[in-house]
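To keep things clear, I will list the structure first and then write my remarks on it.
Readers should treat all values here as calculations from the given coordinates under stated rules, not as data from a laboratory. This is a predicted model, so every value here is computed, not measured. Here the Cβ positions follow ideal geometry from the backbone for every residue, glycine too, while neighbour counts run over all protein chains shown.
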Amino acid sequence: MPHKIAVLAGDGIGPEVIAEAVKVLKATGADFSFEEALIGGTAYDKTGHPLPQKTLDLCKESDAVLLGAVGGPAWDHLETKLRPEVGALLPLRAELQLFANVRPAKTLPALLLASPLKGERGLVDLVVVRELTGGIYFGKPRERRENGTVAVDTCIYSKSEIERIAQRAYEIARHRRHNLVSVDKANVLETSRLWREVVTDIAEQNHDVSTSHMLVDNCAMQLIRDPQQFDVILTENMFGDILSDEASMITGSLGLLPSASLSHHKDGKSFGLYEPVHGSAPDIAGQQRANPIAAILSAAMMLKYTFGENDVAFRIDQAVDAVLEHGLRTADIFEKGTRLASTAEMGDAIAGKLAE
Ligand code: IPM
Ligand code: MG
């Protein structure tokens, strides 16, 4: 049976970068079947909804989902529940029970000097494990009151929601450097106090991993001051949203960062949705200027977390490193002395390396 992948290219640069990720997956020689479906503003324009039922059904029938990006100024005027971000991404995460968002931020040696920190901090290799289906993104009611002059968002967490993401973060830490920092705002928020209590209990069952707790404002500062201190950062939905963007910049470009959003797992393998951390970048869409590496590395994460094909995933990571070592660069990471590549040229080079 081929591995069945739902391909949701989405808006902006989504289709361009996803085309390269599919190209690279095909070049691995593994057996995949790909089926495309609409999502985001593009889906809204064609069907009147950013997450058509057909798309959701396809995702549920597939082994994994490869997603480009959604959203853009063309759809910003829509009412909140029809906007691509809220109307497509959030229900997709909830419906597919993608509670564990895994966002590695790793400096690629060839790009050390491209980081805004200019290599001063050395190589960074951390992963943010972000709770993705709870907290303030999903707490009801999300509403306007008193003639629109008062707005309400509610942050709710249950013990079981915290337990399952913490367990997953420990499993990930166990395959890395055995160091976990749980990030919260326990000096202010009740949800954070519960978070800390639950993580403290789970830590008791995971003595092989060292655990510490850090307040989110301090973590934001420590990420700039000394990012090498971090291995696994475990945190709730909104803190993870913010910290993962911050962490990504330490590595030089948002165009390089992949992500996995995982559901419950069986035998170490999870259903998952894989997407680049960057957004739809409407300003450069359709120009072949986008960096497809984040999408390609997301495909590599799929091989690892959903299909257990760690060797093939590793070969993709190596092909990306090799192409960068050879001096090929998309516009976002271009420097003097390197060679400028279009989106497709970068994808071709990586696929070509794999086929060697
Ligand atoms: C992300 C994005 C989304 C989020 C938005 C687009 C809803 O910023 O995946 O990090 O906040 O989760
Ligand atoms: Mg974000």
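Values as computed for the structure displayed
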{"quantity": "Greater than 32 Å apart at Cα, pairs in Lys54/Lys304; Lys60/Lys185; Lys269/Lys336; Lys54/Lys353; Lys81/Lys185", "calculated": "Lys60/Lys185; Lys269/Lys336; Lys54/Lys353"}
{"quantity": "Whether the chain is rounded, prolate or oblate, judged on the alpha carbon gyration tensor where a/c under 1.5 counts as rounded", "calculated": "rounded"}
{"quantity": "Cα gyration tensor, the stretch 116-250 - rounded (a/c under 1.5), prolate or oblate", "calculated": "oblate"}
{"quantity": "Cβ-derived FRET efficiency at R0 41 Å, Glu171 paired with Arg145, nearest 0.05", "calculated": "0.45"}
{"quantity": "Förster-model FRET efficiency, 56 Å R0, Asp76 and Gln205, C-beta, rounded to 0.05", "calculated": "0.80"}
{"quantity": "Between the stretch 11-71 and the stretch 227-295, the Cα center-to-center distance that results, in Å", "calculated": "17"}
{"quantity": "The chain - percent relative contact order, Cα under 8 Å, separation 6 or more", "calculated": "22"}
{"quantity": "Average Cα contact separation per residue, the stretch 1-133, under 8 Å, 6 or more apart, as relative contact order %", "calculated": "24"}
{"quantity": "Among beta bridges that DSSP assigns inside the stretch 116-250, antiparallel share in %, nearest 5", "calculated": "20"}
{"quantity": "Whether the stretch 1-62 is rounded, prolate or oblate, judged on the alpha carbon gyration tensor where a/c under 1.5 counts as rounded", "calculated": "oblate"}
{"quantity": "Computed over the stretch 201-356: relative contact order in percent, which uses C-alpha pairs under 8 Å that are six or more apart", "calculated": "17"}
{"quantity": "Exposure proxy ranking, count of Cβ atoms within 10 Å, fewest first, for Met301, Met1", "calculated": "Met1, Met301"}
{"quantity": "Residues of type aspartates and glutamates that Lys266 reaches as a straight line, Cα spacing below 20 Å, ignoring anything fewer than 8 places off in the same chain", "calculated": "Glu61, Asp63, Glu95, Glu131, Glu161, Glu163, Glu171, Glu309, Asp311"}
{"quantity": "Ranked Ile250, Ile293, criterion: other C-beta atoms within 10 Å, fewest first", "calculated": "Ile250, Ile293"}
{"quantity": "Antiparallel bridges, percent of DSSP beta bridges restricted to the stretch 214-356 (to nearest 5)", "calculated": "80"}
